[in-house]
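The values are calculated or read from the model by the stated rules, or taken from the named source; none is laboratory data. None of these values were measured; they are calculated from a predicted model. Reconstructed Cβ throughout: ideal geometry from the backbone, glycine too, with neighbour counts over all protein chains shown. These area figures cover heavy atoms from the full protein model, side chains too; ligands, DNA and RNA do not enter into them. Shrake-Rupley method; radii C 1.70, N 1.55, O 1.52, S 1.80 Å.
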Amino acid sequence: MRAVLVGEGMLELSGGNGQWKLGYGGDTLNTAIHLARAGVPTAYLTALGDDPFSADLRRQWADEGLDCSLILTDHRRAPGLYAITTDTAGERAFTYWRDDSAARQLMSCDGIGEALSVAARADLLAFSLITLAILPPASRDALLALARQVRARGGKVAFDGNYRARLWHDAHEARRAAEAAIACCDIGLPTLDDEIAMGHAEGAAEVAARWRALGCAETVVKLGAGGCLLPDGRLIAPTERLRPVDTSGAGDAFNAGYLAARLRGASLHAAATAGHRLAGWTIMRPGAIPARRA
């Protein structure tokens, strides 16, 4: 497999107004599915339960073309759940029920040793700060060790500094975890708003310089509707201004478009344009991972 994404896929409630729709989502899961849709052989490393909801998630993800062979089973736990609400501008807010989800115990599941051995041979390993947030400290260390293995074998590691304050004791804990991950990655995908919220930086150039100093050579700073800042200092704006229906998953879609293009040898500019294109398609449709036919 060319790509392995690590994280948590959850059940998703969207729609509201008494008409809630059950789907699925999760930052690295969204990216993984977009990669699979783009034809990149992609596996998802996570844990689910043995309940009917978990079985349905496995089936739906496989139908998307995702390799589910690295999805382990925790017989005592079930998937996490979150609900999305959006305002009139399409900006979203989340409510989570994930404190005891199966994915949090990924590194303790039966079969994890074999799964990590398979993942270590990937061309691309990708995870996020949310991935680190849901894992206990020892499991975070195991994931970073996997990242170092991938790099030692000649693969690339991508890291998204996706910050959710409620998942951390405080911003200092999140900053320390992020810095350890940045030092293990080749491609950095931070979002300026997240970096500001953690107290890391005040501007995109400062974010890029900080990530480079920590060891990440290819850092692309995401600026939302403002586009992105490339490692060479160019600011690449989206090709058109849109009125979003739902901004859920926009950054995850950008990551997938960018990474798929880079895996195929595209330039930084072409990869950023591909990322903007996929993010633009996503925000004009409801849900974190809209159906392909939507």
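Probing with 1.4 Å while keeping every protein chain in the model, the per residue accessible area of the stretch 157-233 equals 39 Å². Most simply put, the stretch 82-206 has about 40% antiparallel DSSP beta bridges, counting only bridges with both residues inside it.
Excluding residue 167 itself, calculate the net charge of residues whose Cβ lies under 13 Å from the Cβ of residue 167, where each Lys or Arg counts +1 and each Asp or Glu counts -1. So the surrounding residues net to -1. For the chain, the fraction of 1.4 Å probe accessible surface lying on carbon and sulfur atoms is 51 percent. What whole number of Å gives the distance from the Cα centroid of the stretch 105-129 to the Cα centroid of the stretch 238-283? Their Cα centres are 26 Å away from one another. Note on the chain: GNM, Cα springs under 10 Å; of 244, 79, 190, the largest mean-square fluctuation is that of 244.
When the chain is modelled as a GNM with alpha-carbon springs shorter than 10 Å, which of 271, 201, 260 fluctuates the most? The residue with the greatest mean-square fluctuation here is 201.
When the helices of the chain are scored as -39500 (n - 2.57) per DSSP H run of n ≥ 4 and the total is divided over every residue, the value at 222 nm lands at -11500 deg cm²/dmol.
When a/c is below 1.5 the answer is rounded, else prolate if a/b is larger than b/c, else oblate, so apply that to the stretch 74-135 with a ≥ b ≥ c taken from the square roots of the Cα gyration tensor eigenvalues. Oblate.
Which trypsin sites (Lys or Arg not before Pro) in the stretch 1-94 sit in a loop by DSSP (not H, G, I, E or B) and have at most 13 other Cβ atoms within 10 Å of their own Cβ?
Details: sites: 2, 21, 37, 58, 59, 76, 77, 92; in loops: 2, 76, 77.
For trypsin sites (Lys or Arg not before Pro) across the stretch 1-94 that sit outside H, G, I, E and B with at most 13 neighbouring Cβ atoms in 10 Å, the list reads 76.
Whole-Hz Karplus values for the stretch 269-278 come out as 5, 5, 5, 5, 4, 5, x, 4, 4, 5 Hz, taken residue by residue from phi with 6.51 cos²θ - 1.76 cosθ + 1.60 and θ = phi - 60°; glycine and proline positions read x.
Among 88, 282, 31, the largest mean-square fluctuation in a Gaussian network model of the chain (Cα springs under 10 Å) belongs to 88. Overall dimensions of the chain, expressed as equivalent-ellipsoid semi-axes from the Cα gyration tensor (√(5λ), whole Å, largest first), are 25, 23, 19.
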